[in-house]
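Accompanying notes for the structure given below.
The values are calculated or read from the model by the stated rules, or taken from the named source; none is laboratory data. Not measured: the values here are computed from a predicted model. All Cβ positions, even for glycine, are placed from backbone atoms using ideal geometry, and neighbour counts span all protein chains on display.
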Amino acid sequence: MDEFWLDNSKVETFHLCPQKYEYRFEEHLVPIDRKRESALMFGGAIHKALEMLYRGTAFKEVKCPLCTEGCFRCKGNPVSNMAAAFLSSYQDDPEDPREIRTVDRGLEILANYLGKWRREPFKVLYVEEPFEMPMSNYIPEYGNIHFLYIGRMDLVAEQDGMTFPVDHKTTTRFGMVFDTSFKLSGQFTGYMRAAERKTGRQVFTALANAIRVTTKIDDSSFARIFTQRIPEEFERWEANVADVARSIVEMRAFNTWPMHAPFACGAYNRVCEYYPLCIASAQVREQLKQSAYEVKPWEPRKVDDE
């Protein structure tokens, strides 16, 4: 049997819809003609740039990744390693003229970020730190099941004697809905557990390093949001992850994956990429899997996955 592991993406997808989980993480299907996901690509490019900053290599001069004869951005001159990291991951403006995530806006965000946080209040301990935490659950029919919970923390930092993970978050709006989402975020709870194991120190806090992407970029485009956990919340998170593992084992055994329709079908204001499979007959479904989807395993241990 393949190694059994979970991460935040798997857990959140399973909660949203077990059938979507099965298509993505059991059959490893992704649409062949996936549209450019500007939000994910843009956020990932910002992450790459900030990685250079916190590794201390941001201002090293390198060749511009977009440099061609007559390049209007660099004009043939070297660019900072931080800008190059962004441009290597996000090189083309979206086709939709209404899309605010442009190449120039990304560079503007990074320039303003440096101005806003020119002196960090915390000390960086680790950058892009992977983790794997052994977990288990007892199922009467199957005995003890053992699995890993894995992930990667953007930063682990220290400030005023307090150790905490930091996660970079890009968003189009700040406010109560954005802020309160972190309190119940299993991703952040898992990061706190992982930071505790990595450092050997008690960790009850995490920091969201928030970046707002709008047409106007200034000091108000950046925020630092702390979220805390008490021991009971850690226990509840561990029980939740273990319950997801149990459910997956049982659904694998019976090959039954419930569909959380109609709510999951239009989650995040878009039609689920597996909707065509869910509404198709068994014969057509298999044909679609061959013609409209490709097999691409989810491999978060690889830094550049998706």
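Among the residues of the range 1-58, those identified as among the basic types (Lys, Arg), more than 29 Å from residue 120 (Cβ to Cβ) and at pLDDT 95 or above are 10, 20, 24. Candidates in the range 137-150 are the residues that are among the hydroxyl-bearing types (Ser, Thr, Tyr) and at pLDDT below 90; of these, the one that is surrounded by the most Cβ atoms within 10 Å (Cβ to Cβ) is 142. For the range 216-244, the set of residues classified as surrounded by fewer than 18 Cβ atoms within 10 Å (Cβ to Cβ), of a type in the set (S, T, N, Q) and over 13 Å from residue 184 (Cα atoms) consists of 220 only. Filtered by the rule that a residue be out of contact with any strand residue (DSSP E or B) (no Cβ under 9 Å at 6 or more places or on another chain) and more than 30 Å from residue 38 (Cβ to Cβ), the range 172-205 gives a lone residue, 200. Six or more apart or on different chains, Cβ under 6 Å: which pairs go from a residue in the range 1-22 that's more than 11 Å from residue 245 (Cα to Cα) to one that's part of a loop (DSSP other than H, G, I, E, B) and modelled with pLDDT of 95 or more? Could you list them? Partner pairs satisfying both residue conditions: 17/260; 18/257; 18/258; 19/257; 19/259; 20/274; 22/257. Scanning the range 151-174 finds one or more residues that are touching a Gly at 6+ places or on another chain (Cβ under 9 Å), within 21 Å of residue 25 (Cβ to Cβ) and either at pLDDT below 95 or surrounded by 13 or more Cβ atoms within 10 Å (Cβ to Cβ) (or both).
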